[in-house]
Amino acid sequence: METTRPHTSPPPSRWERVRAWLAWPLFWPLLTLALLLLGNGLLNPGFLSLQWRDGHLYGNLVDIANRAAPLALVSLGMTLVIAIRGLDISVGAVLAISATAAAWTIGPQQGDGLVPLFLAIAAALAIGALCGLWNGVLVATVGMQPIVATLILMVAGRGIAQLLSGGQVLTIYYPPYAFLGKGFLLGVPFSLFVVACAFVSLQGLLRRTALGLFVRSIGHNPLAAHVAGVRARAITIAAYVTCALTASVAGLLVSSNVSSADANNAGLLLELDAILAVALGGTALGGGRFHLAGSLVGALIIQTLTTTIYAVGVPPQVNMVVKALLVFAVMLLQSPEFRAWVRTLTAFHGRERQS
Amino acid sequence: DRQADRITVGFSQVGAESEWRTANTASVRAALEAPGFNLKFSDAQQKQENQIKALRSFIAQRVDVIAFSPVVESGWETVLREAKAARIPVVLTDRAVKVSDDSLYATFIGSDFVEEGRKAARWLLQDSEGKPGPMRVVELQGTVGSAPAIDRMKGFHEIIDADPRFRIVRSQSGDFTRAKGKEVMEAFLKAEDGKIDVLFAHNDDMAIGAIQAIEEAGLKPGQDIRIVSIDGVRGAFEAMKAGKLNATVECNPLFGPRLAELVRDVHAGKPVPKRVVVEEGVFVASQAAAELPKRKY
Amino acid sequence: MVGAGGILYDGFLSPQVFLNLLVDNAFLCIVAVGMTFVILSGGIDLSVGAVVAFSTVLLAQLVQRHGWHPLVAIALVLALGAGFGALMGVLIRRFRLQPFVVTLAGMFMARGLATLISVDSIDIDHPFMTSVAYLRIPVGGGNTLSVGAVIALLAVAAGALLAATTRFGRTVYAIGGNETAARLMGLPVDAAAIKVYALSGFCAALAGVVYTFYMLSGYSQHAAGLELDAIAAVVIGGTLLSGGSGYVAGTLAGVLVLGVIQTLISFDGELSSWWTRIAIGALLLVFCLLQQLFWRKR
Amino acid sequence: MPSTSPVVLEARGLGKRFGATKALDRVDLVLRPGEVHALMGQNGAGKSTLIKLLTGVERPDQGELRIDGRPIAPESPLQAQRAGISTVYQEVNLCPNLSVAENLYAGRYPRRRLLGTIDWALVRRGARELLRQLHLDIDVDAPLGSFPVAIQQMVAIARALGVSARVLILDEPTSSLDESEVRELFRILAQLRERGMAILFVTHFLDQVYAVSDRITVLRNGRLVGEYVAAELPQPALVSAMVGREVRLAEPVEAAGPARADVPLVLDAQGLGLRGKLHPTDLQIHRGEMLGLGGLLGSGRTELARLLFGLDRAKQGRLRIESEEVALHHPADAVRLGLAMCPEERKTEGIVADLSVRENIVLALQARLGWQRFLSRAKQDELARRLIEALDIKAADIETPVGLLSGGNQQKVVLARWLATDPKLLILDEPTRGIDIAAKQNLMAEVVRRAREGMAVLFISAEVEELARLCDRIAVMRGRGKAGELPGGCGEPRVLAMIAGD
Ligand SMILES: Nc1ncnc2c1ncn2[C@@H]1O[C@H](COP(=O)(O)OP(=O)(O)OP(=O)(O)O)[C@@H](O)[C@H]1O
Ligand SMILES: Nc1ncnc2c1ncn2[C@@H]1O[C@H](COP(=O)(O)OP(=O)(O)OP(=O)(O)O)[C@@H](O)[C@H]1O
Ligand SMILES: [Mg+2]
Ligand SMILES: [Mg+2]
């Protein structure tokens, strides 16, 4: 049995650098995204093109980023909740409630002043924070399992939203509101700024303060963190509140984008997509290790998958199968065990051919 | 006492998945909460299982008449037999069901989805008279597998496929929602590089979403791309009034009063037609301004 | 809760209403039994609802459109369900993929395949199928159970035995408690974990068969969101989502709780659509708080 | 003893590398039937790694294994078990959610003949039987996790004894046991030796080594130092073999003597109690005082410590910290008041295995500072480096996840975490568990030094000798209440007598 690796021919420094790249947590998610986009570009030459139209960027890439914005936001919040060993399946409902609350606050008035805009944003955020608090208290104080605790709001939340909307799709006839979800700033969708803002502030909070350390210690070993004096309960509640807040901002974006709030359909199945995005981004669903940036990439991957399906012209009955196959492919690509397995397979074939 | 004279009706609604449905619920409730009726309402949250449970509970509560809007067409045989065994007449609303034995239900009141698809197509043919082909059509389907999506597609294709000028270049599901309709239309516009002549949407909501996508792509909905959709909700009339939607095929949810009559007749044992089709029209942009104030939903 | 229902609504306390809980939730019960094992082992299976739908469609297609004998078709469906679960299990264990993601993709896959087989719903009128569907087994006092409910009860019993008295069952608990320790104790961890997903797939397929009898139709949109109901039933039944602790019998209780909530709702006859949702949420909350109280006391 | 006696298990040239650390480098080991073989070495010497290679938990990079002369390459613990090796790993590696009986029988359940189902009655009876051998009388149906580590360790040993194996490997089985339990264990080991079993045994207690072992293999930094016959290797020689240089065990540190009455109290508990766990108890600790807490297993020492630290909430009594009356609801409250506690259960309550050494060390200090006052990376590094050096923690670097350290080094990290907070009162619950002799002295010297500087210490230890030597005052617990107090330097026999209750 030889153990010494022949690191003679390539200078170790370069090899080390490649290894460092491979070990970077974002490497595989980003590679996946790049491959998906590239594949699209090959299938459909216009896919990657960007144009300047009416004073802003126009193209599939812009659409993907813009469409992924709500999901990306929610994935950020979900990452936090998952990092502390939780789960929040009520995000879709919270999104719907916030969207409806915003639309309801604006009401039928059609002025151009900015007051209703800020009122709407405040209403959405307030109700979002309230929802998060509710989830957080049920989990951290009452001690329910996260999935049931948030299931309650998931079920009841849409009911509350519909109660607010009276079961109607609330159309918003108020121009300033549209800016949030479909406006452009410096030629780039405004929603991207919102996502960037959320990402930077969360990342800052977790990196520049001790919160990141606390979150990871709670995720990895809640009991040890408790003994070490970390206020696990408060942080848990804060994580649920943050998650709900991201969902309510996402609600603002979604409702603004289509100028209406649909209590029943807005954010439907969002929780699954968000958790998927978090997982694709390299965060362990068991808690502890987390990557905010990875979750953003995960959200982009999911949206790219969806847009790919639309752009390629897959018949709708086949959508699901294609999506499933793509998700399987993406996961396997990211699995070190799978790559090792492929390597041994190819090595085996290589040896066979030689002999 | 008076309670005894009343007809107890168990009504099971699909859910509250759209404005159309909400209007439908409101109409039915208004009609069946009138004196003379005692309504038991149950919402199935879009699940057939729940609806079957609701029907079972109506049977257990021995209501006089059961009315329901089936979530799906099939799978009702068992519970309808139970109703029949309990001698409770059943009135279907909105959608028909497939059962081996017609006597399992008394009557059906509602729309004909296939016919709605045909109407949309006929309007398109009429509007395209004299226009040269080829015309590139895109279709926004409803939720995959849902009865209205399947039937509206069937009806539309039946007519359109016969005319060689039309070519359906893209067809994708928009889940009956504005957001999805917009998202899919965005992708269509880019994939076809804007070369789309007609949009057929299985419901108004998707059309309203798509209109936004078309505008954001710098095109004029209603002119560059002609749009026809189904349902006739208020939003569609607003869009038509603004010239952004060309036509909508009405799918009338306000059959509550008619349902109440049928229930009364069925309960009294009077003969009723096996199928009552609700009165529905096609509205075009020019009628919108006049029609809009009259819309109730 | 049940008592309150009895006071509030006429006919609520009749025995048949309770039997109907079983009749109407038989498929959920079977799925939840499989799910219990998955959750006990510390995993999760989101594909079950889709596998139920796939099974109904395949069964209906084979029986109605290809003229297979139902029993042969049922055998095939069950085998496919178990195989599908095992495949996901292999992906999860062999390549260390997260169960949530694999089974979510599995859910897309199963529903997608169901849609591919048939977009619209297929009615079944095969005499064997209809006669089984209408068969009612008397349980005394003029009350009856359906075949599906009996299968569900058998599934619960089999599941409870499997969990409590077999090597496989105990290995599942051990994995959920501490996987490394289970491995060091020399337990066949990987094999058991794969079997768990195969079992869940099998249960889902069985539930699909029961569902087909219940509805006498196959449809790709059947059992939407069933996975969540199953998970909720398992967790409400006292099983820890992180694995290692819980009972199959508890799962039956969880299913019944969900059933009672649904029945309460459908007996009410007053609630509008949105109040229905809010009421379901509130009832869930009440049940969970009661359970919490009960646990704390112990 | 003739070295030509037959060999059961033979390892030749075993090597294992983890990334940059070479955990084992061409190590040989020979186990013979009817012999107890001690495996000795400092923390991180590679003892546990060697055991993992023998039992298929890890695969060696090089070298070979033979059983009865036949080469084997166990790929999993299961295969090793089949080859006749029964093992107790260093950390208790059983399932906390399963009952004690199940943990004893998992993987080898007796089945009912008819149905092939598990015969639970037999399992229970067998479990009680097995535990009785170790004089342990506990409820075998209770989940294992509900017992303290000591009991769990006994169960792990009982499980290994229950397997009819040819080789028994025990990695620090006695680390959390009391003397009486150790005696039971040794009695059984002697019986097994008589029956011809080969036993490999790891411990850091030198007297235990000489009490049972026939041979000693010493490892140092992953290398084999040599194999010795126990009777021919005097204790100082063993120590130098382990440490690698001539060592005279440093002059043992001793107690400073009783605190003068004018020294202020740091902690003053009056009638502190919790129904069912602890009878109302009084306790005072002065500044700069080392207070020892003695007692038998289950006497309530840990419970008292938990109450003092806010891990459990006291239902009776009052607690003053520096003459301020406080109510501790949460360890965070205690930490804020300047208390620190090194818990008994390292794995579950101590380390956060997936976080790095640095993060584990700063965790408590950071929790005390609050989330806004974030220690800069440079400060964290400096702190971690300083403590790693002070406590001689062996880690590849400060970013290594703590879970990858050897057991003893993990324990040191937990201690480092609390020393980093510079507490007013440090509660140590069995802090030297699993730490090698040289390091233990080093560590206690550090604690005593801090005590001289004014830190109060509550020191819980099962080693009465240590208590008697180090503490200024000793409180003794018995039957979940305080039995009495003794002045420091009163000698081991008096402490033992009070613990025993005569
Ligand atoms: N999985 C691993 N990855 C990286 N390093 C490891 C791993 N396991 C062990 N090591 C390293 O190998 C060395 C030997 O560790 P080992 O656990 O064998 O020590 P030990 O002799 O048992 O010490 P102790 O007496 O403290 O238990 C240590 O430096 C440890 O950090
Ligand atoms: N020999 C034993 N038999 C049964 N249970 C025991 C035994 N020893 C301890 N326990 C259990 O341990 C639990 C806690 O004891 P505790 O930790 O307070 O004692 P301790 O004095 O700290 O002992 P240790 O020496 O283990 O630290 C009690 O709930 C008790 O049931
Ligand atoms: Mg060790
Ligand atoms: Mg203790």
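The values are calculated or read from the model by the stated rules, or taken from the named source; none is laboratory data. Quantities reported herein were computed from a predicted structural model and do not represent experimental measurements. Neighbour counts run over all protein chains shown; Cβ positions are idealised from the backbone, glycine included. The area values use the complete protein model at the heavy-atom level, side chains included, leaving out ligands, DNA and RNA. Shrake-Rupley method; radii C 1.70, N 1.55, O 1.52, S 1.80 Å.
For residue D:214, the residues 5 or more places off, or on other chains, whose built amide H falls under 5 Å of its own are D:36, D:37, D:38. Considering the stretch D:9-243, its Cα convex hull presents a mean projected area of 13.3 nm². Which FRET efficiency value, to the nearest 0.05, is calculated for residue A:114 and residue A:50 with the Förster distance at 30 angstrom and r the Cβ-Cβ distance? Efficiency, from the Cβ-Cβ distance: 0.45. Would you work out what percent of the accessible area of the stretch C:2-297, with all protein chains in place, is carbon or sulfur (probe 1.4 Å)? After summing per-atom areas, the C and S share lands at 71 percent. Counting every pair of alpha carbons in the stretch D:101-154, the share spaced more than 17 Å apart comes to 37 percent. Across all Cα atoms of the stretch B:62-193, the radius of gyration (one decimal) and Dmax (whole number) stand at 19.3, 62 Å.
DSSP bridge analysis restricted to the protein assembly as shown gives an antiparallel fraction near 45%, rounded to the nearest 5. Taking the square roots of 5 times each eigenvalue of the Cα gyration tensor of the protein assembly as shown, largest first, gives ellipsoid semi-axes of 65, 35, 32 Å. The distance between label points at residue D:490 and residue A:285 comes to 5.9 nm (points 7 Å beyond Cα on the Cα→Cβ vector). Per residue, the protein assembly as shown exposes 38 Å² of solvent-accessible protein surface, assessed with a 1.4 angstrom probe and all protein chains in place. From the Cα gyration tensor of the stretch C:47-181, with a ≥ b ≥ c the square roots of its eigenvalues, which class applies: rounded if a/c is under 1.5, or else prolate if a/b is larger than b/c, or else oblate? Verdict is oblate for the stretch C:47-181.
Peptides A:272-278, D:483-489 ranked from most to least packed give A:272-278, D:483-489, packing being the mean of other C-beta atoms within 10 angstrom over each peptide's residues.
Computed from the Cα positions only, the extents of the stretch C:2-297 along the three principal axes stand at 58, 57, 38 Å, in decreasing order.
Working value for the stretch A:55-330: equivalent-ellipsoid semi-axes of 29, 23, 18 Å, each the square root of 5 times a Cα gyration tensor eigenvalue, largest first.
With a cut-off of 19 Å on the backbone N, the residues of the stretch D:349-385 near the modelled label site 7 Å out from residue D:336 along Cα-Cβ are D:363-375. Kirkwood radius, the stretch A:212-269, all distinct C-alpha pairs, inverse of mean reciprocal distance: 13.5 Å.
3J(HN,Hα) couplings calculated from phi for the stretch D:303-314 with the Karplus curve 6.51 cos²θ - 1.76 cosθ + 1.60 (θ = phi - 60°) are, in sequence order, 4, 4, 4, 5, 5, 5, 9, x, 6, 10, 9, 5 Hz; Gly and Pro show x. When B:62, B:87, D:469 are compared by accessible area of protein heavy atoms, the largest-first order is B:87, B:62, D:469, using a 1.4 Å probe. Rg and Dmax, both from the Cα atoms of the stretch C:107-194 and both in Å, are 20.5, 55. Only Cα sites of the stretch C:37-77 enter the Debye sum here, all with the same form factor; the resulting log10 I(q)/I(0) across q = 0.25, 0.34 1/Å is -0.76, -1.05, listed in q order. When accessible surface is computed with a 1.4 Å probe, chains C and D are found to bury approximately 1700 Å² between them, both chains counted. Near residue A:283, the amide H atoms lying under 5 Å from its own belong to A:291; only residues 5 or more places off or on other chains count, and H is placed 1.01 Å from N. If one takes the longest principal axis of the Cα atoms in chain D, at what angle in degrees, from 0 to 90 and to the nearest 10, does the Cα axis of helix D:377-391 lie? For helix D:377-391, the angle is close to 70 degrees.
Figure note: C:271, A:50 ranked by solvent-accessible area, largest first, 1.4 Å probe, ligands and nucleic acids not counted: A:50, C:271.
When D:132, B:95 are compared by accessible surface with a 1.4 Å probe, the order from highest to lowest is D:132, B:95.
Each residue of the stretch A:215-232 is assigned a 3J(HN,Hα), and the resulting list reads 4, 5, 5, 5, x, 7, 8, x, 5, 4, 4, 4, 5, 6, x, 7, 7, 5 Hz, derived from the Karplus form 6.51 cos²θ - 1.76 cosθ + 1.60 (θ = phi - 60°), x at Gly and Pro. Taking amide H as placed 1.01 Å from N in the peptide plane, the amide H of residue D:170 sits under 5 Å from that of D:88, D:200, D:201, D:202, each at least 5 places away or on another chain. Computed from the Cα positions only, the extents of chain B along the three principal axes stand at 67, 39, 31 Å, in decreasing order.
Dividing the alpha-carbon radius of gyration of the stretch A:88-229 by the rule-of-thumb value 2.2 N^0.38 Å gives 1.28. Helix B:256-268: angle to the longest alpha-carbon principal axis of chain B, degrees 0 to 90, nearest 10? So the inclination is approximately 30 degrees. Helices that extend 20 Å or more along their long axis by alpha-carbon positions and average at least -1.0 on the Kyte-Doolittle scale are, among the DSSP H runs of chain C, C:15-40, C:70-94, C:99-117, C:147-165, C:189-215, C:248-268, C:273-297. Look at the alpha carbon pairs under 8 Å that are at least 6 residues apart: their mean separation over the length of the stretch C:2-297 gives a relative contact order of 35 percent.
When nucleic acids and ligands are ignored and a 1.4 Å probe is applied, residue A:344 ends up with an accessible area of around 80 Å².
Modelled label positions at residue B:62 and residue C:76, each set 7 Å beyond Cα in the direction of Cβ, lie 4.8 nm from each other. For the stretch A:102-174, the Kirkwood hydrodynamic radius comes to 13.9 Å, computed from all pairs of different C-alpha atoms. Stokes-Einstein diffusion of chain D at 37 °C, 0.692 mPa s viscosity, Kirkwood radius from Cα pairs, rounded to a whole number: 137 µm²/s. Mean separation of Cα pairs under 8 Å and 6 or more residues apart, divided by the residue count, gives chain D a relative contact order of 16 percent.
Along the stretch D:205-218 the Karplus relation, 6.51 cos²θ - 1.76 cosθ + 1.60 evaluated at θ = phi - 60°, assigns HN-Hα couplings of 8, 5, 5, 5, 4, 6, 5, 10, 8, 8, 10, 9, 10, 10 Hz to successive residues, with x for each Gly and Pro. Compared with the dominant principal axis of the Cα atoms in chain D, helix D:407-420 is inclined by about 10°. Semi-axes of the equivalent ellipsoid of the stretch D:365-457 are 21, 19, 11 Å, computed as sqrt(5λ) over the eigenvalues of the C-alpha gyration tensor in descending order.
In percent, rounded to a whole number, the relative contact order of the stretch C:2-156 is 36, using alpha-carbon pairs under 8 Å and six or more apart. Annotation for residue B:127 and residue D:235: the two label points, set 7 Å from Cα along the Cα-Cβ direction, are 10.1 nm apart.
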